[in-house]
Amino acid sequence: MNNQNFSTTILVDQTPKEAFDAINNVRGWWSEEVEGGTEKFNDEFNYHYKDVHRCKMKLVEVVPEKKVVWLVLDNYFNFVEDNNEWTGTKISFDITRQGDKTQISFAHQGLIPEFECFDICSNAWSGYINNSLSSLIATGKGRNFTLEMVQRAVDMILGGAKFITTNRDPSPKKPGWNNLGIAATTAMIEEATGRKAFVTGKPSPVMMRSARKYLGLETAETTVVGDTMETDIQGGVQMGYKTILVLSGIARKEDLSHYAFKPDMVVSSVEEIAFPLKWWEKVEDEHEVLNSKA
């Protein structure tokens, strides 16, 4: 039955030490709702999410840059009949070097399909390991987005905080992309507070105009390259900039007819963008005419 334990593996470009340090930064990739030590042998820490889930972990094996093992001392779920299903199980992180990459093999030893929580728990672990921990190792920032964070934001905004969001990027809506777009998370907070967010990033004119001025360009000299119609391309079109849509992100060519605006160029990847751009010659001609009249 051991081979039925939930497990998943990730590969990263960083060193085993960087992976080891990130694993031990539990608050960075799992939840900020962690109390206690998470780094040294025999450390114990508690995790809780409202009255839904709480558990107590103990670090029973810590081998720097190679392995970390937690023992679940206590556990409680309020959504399964046997709310102690995790108690006595172990959670392990094995770190190995694979060529020029580092492999982290995660296993929840004892989390098996017979458990009522298996589907929910395995999906949750997949998101935390494949997205949040992987991101923390690679960028120094995890993706441990939780409803606790949403509630905290709601309370702060209702208490007088200003609601500002960087963009309204849509969710990918593709299998395997286990992340919500900022539009989705913003919408949750807007509905819960009754306040509309002020968007400072794409497609806001605030960002588009500021970027152009920072680069010292005129409107006719500015080209926006992006992979999202609703933010990158829309923002450029609204400002009168030329736009290039790259299909390496979430946009699909067959969906372009659904929009009331369109990019000036569509490419599969940035490598297909040939310089000089075809409209640069027109801009140069206009500059020459203006200079001759000056």
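In segment 39-141, which chymotrypsin sites (Phe, Trp or Tyr not before Pro) fall in coil by DSSP and have 13 or fewer other Cβ atoms within 10 Å? If you can, show how the numbers build up before the last one.
Details: sites: Phe41, Phe45, Tyr47, Tyr49, Trp70, Tyr76, Phe77, Phe79, Trp86, Phe93, Phe106, Phe115, Phe118, Trp125, Tyr128; in loops: Phe41, Phe79, Trp86, Phe115.
Of the chymotrypsin sites (Phe, Trp or Tyr not before Pro), the ones in loops of segment 39-141 whose Cβ has at most 13 other Cβ atoms within 10 Å are Phe41, Phe79.
Run the simple label-point estimate for Ala211 and Glu191 please: 7 Å along Cα→C-beta, distance reported in nm.
Roughly 3.0 nm, to one decimal.
Along each of the three principal axes of the Cα atoms of segment 143-266, give the extent in whole Å, ordering the values from largest to smallest.
Sorted largest first, the three principal extents are 44, 36, 25 Å.
Out of segment 1-54, which trypsin sites (Lys or Arg not before Pro) are coil in DSSP terms and have no more than 11 other C-beta atoms within 10 Å?
Numbers: sites: Lys17, Arg27, Lys40, Lys50, Arg54; in loops: Lys40, Lys50.
Qualifying residues, ordered by number: Lys40, Lys50.
Which residues in segment 51-82 have a backbone N closer than 16 Å to a point placed 7 Å from the Cα of Lys40 along the Cα-to-Cβ line?
Within reach of a label on Lys40, which here means backbone N under 16 Å from a point 7 Å along Cα→Cβ, segment 51-82 contributes 58-64.
Using Cβ counts within 10 Å as a stand-in for footprinting exposure, how do Met239, Met156 rank, fewest first? Walk me through the intermediate numbers first.
On the way: Met239 18, Met156 14.
By the 10 Å Cβ count, ascending, the order reads Met156, Met239.
Considering all alpha-carbon pairs of segment 8-122, what whole percent are spaced by more than 25 angstrom? Write down the numbers at each step before the final one.
Numbers: 1545 of 6555 pairs.
That fraction is 24 percent.
Using mean projected area of the Cα convex hull in nm² as the read-out, say which of [x] 16.4; [y] 21.1; [z] 19.3 was calculated from these coordinates.
Checked against the structure: label [y].
What does the helix-only formula give at 222 nm for the chain: each DSSP H stretch with n ≥ 4 adding -39500 (n - 2.57), the total divided by the residues, and the result rounded to the nearest 500 deg cm²/dmol?
Values: 9 runs with 84 residues, N = 294.
So the calculated ellipticity at 222 nm is -8000 deg cm²/dmol.
Read-outs: derived from the displayed coordinates by stated rules, not from any lab. The structure displayed is predicted, hence computed values, not measured ones. All Cβ positions, glycine included, derive from the backbone under ideal geometry; neighbour counts span all protein chains shown.
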